[in-house]
Each structure stands twice: as C-alpha cells, then as structure tokens.
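The values are calculated or read from the model by the stated rules, or taken from the named source; none is laboratory data. Owing to the predicted nature of the structure, the values given are computational and were not obtained by experimental measurement. Glycine also receives a Cβ, built like all others from the backbone with ideal geometry; neighbour counts cover every protein chain displayed. Surface areas here come from the heavy atoms of the whole protein model, side chains and all, with no ligands, DNA or RNA. Shrake-Rupley method; radii C 1.70, N 1.55, O 1.52, S 1.80 Å.
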There are 2 protein chains.
Amino acid sequence: MQPFCAAADWGTSSFRIWLISEDGRAVAERRSDEGMTHAAKAGFAHVLEAHLGALDAPKNLPVVICGMAGSRQGWQEARYLTVPAALSEIVERAVAVEGLDRDVRILPGFAQRDPSHPDVMRGEETQLLGSFTGRRLSGLACMPGTHSKWVSVEDRCVTGFSTFMTGELFSLITRHSILRHAVGQAENCRADSKDFLSGVAEAHADPATISQLLFTIRAGQLLYGREATSSFERLSGLLIGSEIAAGLSQFSAGRPIHLIASGKLFALYRSAFQALGHEIVAIDADEAVLTGLLAGARRYWPSNHHADYGQLKA
Amino acid sequence: MQPFCAAADWGTSSFRIWLISEDGRAVAERRSDEGMTHAAKAGFAHVLEAHLGALDAPKNLPVVICGMAGSRQGWQEARYLTVPAALSEIVERAVAVEGLDRDVRILPGFAQRDPSHPDVMRGEETQLLGSFTGRRLSGLACMPGTHSKWVSVEDRCVTGFSTFMTGELFSLITRHSILRHAVGQAENCRADSKDFLSGVAEAHADPATISQLLFTIRAGQLLYGREATSSFERLSGLLIGSEIAAGLSQFSAGRPIHLIASGKLFALYRSAFQALGHEIVAIDADEAVLTGLLAGARRYWPSNHHADYGQLKA
C-alpha cells in the first residue's frame, strides 16, 4: 500500500518518523537519537531525507512534523500559539518549511504568556490534539516525560498548563548528584515495587519536602545499607509522587485524569495514580501523537490529491 | 605566640586548617580544595602535614579535625552518634588516628537512625557545638550549604534534623539542566535583588510545586527574554524559599531561628528570612566551627601540657 504521508515527532534528543497509509495506519517506522540538538548541526533536511530514503518513501511524499523542529533553535520556527487556544488551531497555524522540493509542515506548540506562570510546550500539543477527539472533549491531562506536562482541556481548548521537570531531575540526580552512589548501576524501576510505591506515597503526602526526602536515599544507604535497586525505585517514586501532588493541587480535582504516556512511564504513573486512589483514563502517547499529526495531514493533503505517488516515484 | 593546637574542617571538597593560640584565637589559616575526595587518593596524612609544614607548625602540635575525614571513606572512621545526643558527646567520642607520631583526633558526626527519616551530618555537628554554648541552650538551627541542615536543639541536645539538597540541586541545575541556557554565565546573586526575593516568596508560598516553578525560568527566558542574572537570582530564590518553607513546616514554629552561615550564603538566607518576616539569630559558621573544634582541643590537651612546643620544635 502506498503511503499517504509521513509524520515525524522531532524532539530535543529523539526523532521518530512513520509512513502513514491512506486509512491512517502507520505502515513503517524509524526511530533514532537524531533530535534537534543533533539535527541543528547535521542539518534537518539531511536527517529527514536520510530516514525517508531508508523507508523507500516517494520523493514528493509530504511530511507533517511536531516538536522541537519548530522551535527558534530548530528547523523553522512555528511560533507558539498563546493559550487559551483551541486544539484545532494547531492544524490551522502550521508553517511550511521554505526552500524545499518536498512539502513539509511543522505544527506549532503552545505558550502560556502569563508573567506569573510562563510556560511552553512543543510536541505535547499534538498528543493532546490526538487525545481529545471524538466524544472526548474535556479533562485534565498528565503527560509524563523529561518535562512532564499537566494540561487543562475544556471543550477541546487548552485553558492552562504546567511543566514539571520530573524526568530531567531524575536524570540529573542519578547521574550527577551524591545519590548516584546510592542508585549505583540500577536502571529499572518496577511499577509494583514496594520502594517505588512508598516513595510515591511519602512525597505525595508532603511534596514540599522533596529535597529532604531525596537525601533520605543517601542516608538510607549509609545507615541501613539500602540496595541500589531499592534506592533507584524510591527515587523514582519520590519524584513522581511529588509531581502528582503538585499537579493535582494546581488543577481542579474531581475531573477525569487522562494519562497520556507509553511504555515504562505509563506503567509507573498508572501504578502511582492507582496507589493514590485516582482513576485514570489511559491514552497511548504514540497513538495520540500519530492521530494528531494525521489530523494535520488530512487537512493539508486531502488523500485523493496523492493518488499518483507510485507513478511519481517510478 | 606559639600555637596551642591546629584545628581542621575537612569536608568532601574543601579543606581548612587554623593554628590556634593558647587564648583560643586563630593565628594562621590555610584553605584548599584538598577535600576528602582528593585526600583519599593523595593520602590524608600527606595533605595534613603539607599544610602544617607550610604554616611552620611544631612537629608535635596536636590536631583536632571535624568533617568527612571521619567518614567511612575518609581517614579513619569516627562513628556517627545517634540522635538524640548531647552536643558534649561529640568531644567525648572523638577517635585518635592510629599509627601517627602526631596526636590527631577526629570528631564524629550525627546519625538519625529513624527508618522513616534517616539522616546524617558530618561537620555541622561541630558548628552546633560551637554555636550552642554559654547561655544559648536551645533553638532551631538553619545551616545552609550543599546539603543544608535544619536542626532542633534542646538544652544542648540535638533532638532531630533534616537535610535539604538545596546547594547541590542549585549546582546541578545551573551546570547540567535545560536551565543552564537561561542562567548563562551569571554567577552572582544579590541578596536584595527583586528576582531573588520574588523567587523566595513564590516558592515559600507553594513549595510543593518547586519543579514547576523551576521551569518558569526556562519559559521566562523563551517568552520574555528574561536575562541571565535575573534567571540566576530567581533560581537561587526559588530553591532557598522552598527550603525555608519545608524547614519551618517540619520544625515547630515560634522557636528562635539560628542562622549558622558565612559569606554569600549568610547574606542570601538572612535576606530571605527577613523578607518572609522571620527574625533570626546570626551566627558566623567559621567562628562556630572553630569554637567547636577548640572545645575538643581544650579537653584533649589541657594547655599547660604543651608548654614545651617551641623547645621541641627547635
């Protein structure tokens, strides 16, 4: 089956691209670590064409992109939309990359231009676009990651959001802080681990003391010989628990919580929410971003327009 | 005037030594970055003797040491005293370094052996010993640093304490996180800066959201072009404000707060406490540690015992 378009999620340190069929399915995929940081040196067009070539994509297959490729330091700036903003605006306000033979569109991110609470996102807006669709109009979204986003969506409009540096702090602490001695070579946190769940509960109960709770990991190693895996799981639990406490305190409680995540992070956050007594609506982040990108593609390139791809390619 | 003894504060990454006169004054001083991490490779005795030699100290001048030199990874372990513990115990339970011609004593630190709140300190206990003396018997101590300590002292007994990783997080964030772009080359925070003080107030008002407040620094740079100095000062204020909020919430309010610090950190924390409406008792950390070390020296080496130093040296 000929692809209808390509869709890419181009982050700071990661790159993913899919070929999408006419019926909206991903029929081929490539992932790499050629994120914005890499591509800013290697050349965005060069990286993109190399992957499209490896996927044997037609030369004029159009591409829709979300993420950091649209930042000021990226390929071509897709200026932030200011919230409150309708999710549909993301599609309307994409920019076309100039000077290419190929039709490449980059979706914009969101900015919260509130001097007392400025915030930005790039990439997550497309997951939201793909999540709040059909009969799902409103809710609170929790999007874990390097910079976790908590987003309030009302009637398909983003009304406000907050970023928590959970994933980045986790990485900094395990690699560079005194706690690196305690976590050692551990690198897997089990979602049902006792240490993870007690970390979640403790930090959720007293999130203000997070930097003190973190030090208990060091002290626990020194005084009680706590093992690396246990320390690693406790660290993960403490950071996630404090994020959930702060996120729930900022956004009105009682609304359905949509957990938009994949893989290990999905499992950890779901386990944490469940342990804290919160039901979640589970949304796969990979599916969500693809659905969001496809919404753009359908708009820019009505499918019948591309009936001659095979011919062009040959 | 002949020195009575030498006194050293031997931290993880810093080393300070003073020669102390009979009347308890520091008559000479050296500082270096030959902390435990360095000395564990170079040899503790070697580092110590080099500094004593440079100070022209008598060959048999005794030395009292506090800090990480007494840790398990240090020179010779001075096992933690378990709190609650009287400050006087620090002097009683010092260890003599074995196998030396010189009389060298290392003071022990404190451990809080509470599985739900384990904690440790090495070095700060000697500052406490030097601070809670004379008519000062009780109070809450705030000791800012890489790992800030908040300590409850009652009748010269440490009843409990908490460590906050404020200084280390500041260092990690400015050097390794996404915020390093926002703080740029800035390296000075003015204690009266508007950005510092608003950071203190915001984090103190909502310490649970610290990782979200941190990200506003990045967003403020992207959306409002916030300058490096402003970002640096805001970062400092946010971390200190959240520490103060958590510290005060954990330790009973209403007790006098003793700020034991020196230099820039003293100025920043004093300014933060004042802005938040808390009076403090100011104690110079350098004087405090010297007073604490001297308390040990007076006990181990009654002064008349060393009347023949000049003679021995000659």
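If I take every Cα pair under 8 Å that is 6 or more residues apart in chain A, average their sequence separation and divide by the length, what percent do I get for the relative contact order?
Once normalised by length, the contact order is 17 percent.
Mind giving me the FRET efficiency for B:Glu98 and B:Ser249? R0 is 51 Å, r the Cβ-Cβ distance, nearest 0.05 is fine.
The pair B:Glu98/B:Ser249 has a calculated efficiency of 0.70.
Quick one: label points 7 angstrom along Cα→Cβ at A:Ala282, distances to the other copies in nm, smallest first?
5.9
Give the nm distances, rounded to one decimal, from B:Ser13 to the matching residue in every other copy, measuring between label points 7 Å along Cα toward the beta carbon; shortest first.
In ascending order, 2.1 nm.
If you find the alpha carbon centre of the stretch A:79-108 and of the stretch B:132-151, how far apart are they in angstrom?
First find each Cα centre; the distance between them is then 56 Å.
Quick check of the Kirkwood formula: for the protein assembly as shown, what is the inverse mean of 1/r over all pairs of different Cα atoms, in Å?
In the protein assembly as shown this quantity evaluates to 27.0 Å.
Can you tell which of A:Ser177, A:Phe4, A:Ala50 lies farthest toward the positive end of the dipole of the protein assembly as shown, using +1 and -1 charges on the Cβ of basic and acidic side chains (Lys, Arg; Asp, Glu)?
Positive-most Cα among the choices belongs to A:Ala50.
Expressed as a whole percentage, what fraction of the accessible surface of the protein assembly as shown belongs to carbon and sulfur atoms when a 1.4 Å probe is rolled over the protein heavy atoms?
For the protein assembly as shown, the apolar C and S fraction of the accessible surface comes to 48 percent.
What distance in nm separates the simple spin-label points at A:Lys41 and A:Tyr224, each placed 7 Å from Cα in the Cβ direction?
The answer from the label model is 4.4 nm.
Mind giving me the nanometre distance, one decimal, between the label points for B:Ser32 and B:His181, set 7 Å out from Cα along Cα→Cβ?
About 4.1 nm separates the two model spin labels.
If you place +1 on the Cβ of every Lys and Arg and -1 on the Cβ of every Asp and Glu, how big does the dipole about the Cα centre of the stretch B:165-278 come out, in debye to the nearest 20?
100 debye
In degrees from 0 to 90, rounded to the nearest 10, what is the angle of the helix A:263-275 Cα long axis to the longest principal axis of chain A?
50 degrees
Pick from A:Met68, A:Met165, A:Met36 the residue whose mean-square fluctuation is largest in a GNM of chain A, springs joining Cα atoms under 10 Å.
Among A:Met68, A:Met165, A:Met36, the largest mean-square fluctuation in the Gaussian network model of chain A belongs to A:Met165.
Roughly how crowded by other chains is peptide A:106-116, in terms of the mean Cβ count from those chains within 10 Å of each of its Cβ atoms?
2
Other chains' Cβ within 10 Å of A:152-162 residues: what's the mean?
1
At A:His181, label 7 Å along Cα→Cβ: distances to the other copies, nm, ascending?
Ordered by increasing distance: 3.4 nm.
From a point 7 Å beyond the Cα of B:Glu154 in the direction of its Cβ, which residues of the stretch B:244-264 have a backbone N at a distance under 11 Å?
The answer is B:252, whose backbone nitrogens lie closer than 11 Å to the label point.
Just tell me which lysines come within less than 26 Å, Cα to Cα, of A:Lys59; anything on the same chain fewer than 8 places away is out.
Within the straight-line limit of under 26 Å, A:Lys59 reaches these lysines: A:Lys41, A:Lys313.
Once you charge only the Cβ atoms, +1 for Lys and Arg and -1 for Asp and Glu, what is the size of the charge dipole of the protein assembly as shown about its Cα centre, to the nearest 20 debye?
Roughly 180 debye for the protein assembly as shown.
Between the helical axis of A:194-205 and the dominant principal axis of chain A, each derived from Cα atoms, what acute angle in degrees is found, rounded to the nearest 10?
Approximately 90 degrees, to the nearest 10.
Going through the stretch A:161-209, which chymotrypsin sites (Phe, Trp or Tyr not before Pro) have at most 14 other Cβ atoms within 10 Å and a DSSP loop state?
Here no loop site has a sparse enough neighbourhood.
Compute the accessible area of each residue in the stretch B:223-270 twice, once for its chain alone and once with every protein chain present, using a 1.4 Å probe on heavy atoms, and list those whose area falls by at least 30 Å².
Relative to the lone chain, where solvent access is computed with a 1.4 Å probe, the stretch B:223-270 loses at least 30 Å² at B:Leu223, B:Tyr224, B:Gln250.
Given the options A:Cys142, A:Cys189, A:Cys66, which has the most mean-square fluctuation in a GNM of chain A, springs set between C-alpha atoms less than 10 angstrom apart?
For chain A, modelled as a Gaussian network with Cα springs under 10 Å, the answer is A:Cys189.
As a check on your grasp of the helix formula, calculate [θ] at 222 nm for the protein assembly as shown: sum -39500 (n - 2.57) over DSSP H runs of n ≥ 4, divide by the residue count, round to the nearest 500.
Mean residue ellipticity, 222 nm, calculated: -12500 deg cm²/dmol.
Please tell me the relative contact order of the stretch A:165-278 in percent, rounded to the nearest whole number, where contacts are Cα pairs under 8 Å and at least six residues apart.
Relative contact order, the stretch A:165-278: 34 percent.
Show which lysines lie in cross-link reach of A:Lys264 when reach means a straight Cα distance below 29 angstrom and same-chain residues fewer than eight apart are skipped.
Filter leaves A:Lys149, A:Lys194.
Could you report the stretch B:59-125's accessible area per residue, 1.4 Å probe, as an integer in Å²?
40 Å²
With a probe of 1.4 Å, find how much accessible area the stretch B:165-278 has per residue, and write the answer as a whole number in Å².
On a per-residue basis, 37 Å².
Springs between alpha-carbon pairs under 10 angstrom, Gaussian network model over chain A: which of A:Pro302, A:Pro108, A:Pro62 fluctuates most?
A:Pro302
To the nearest 20 debye, what is the magnitude of the charge dipole of chain B about its Cα centre, counting +1 on the Cβ of each Lys and Arg and -1 on the Cβ of each Asp and Glu?
220 debye
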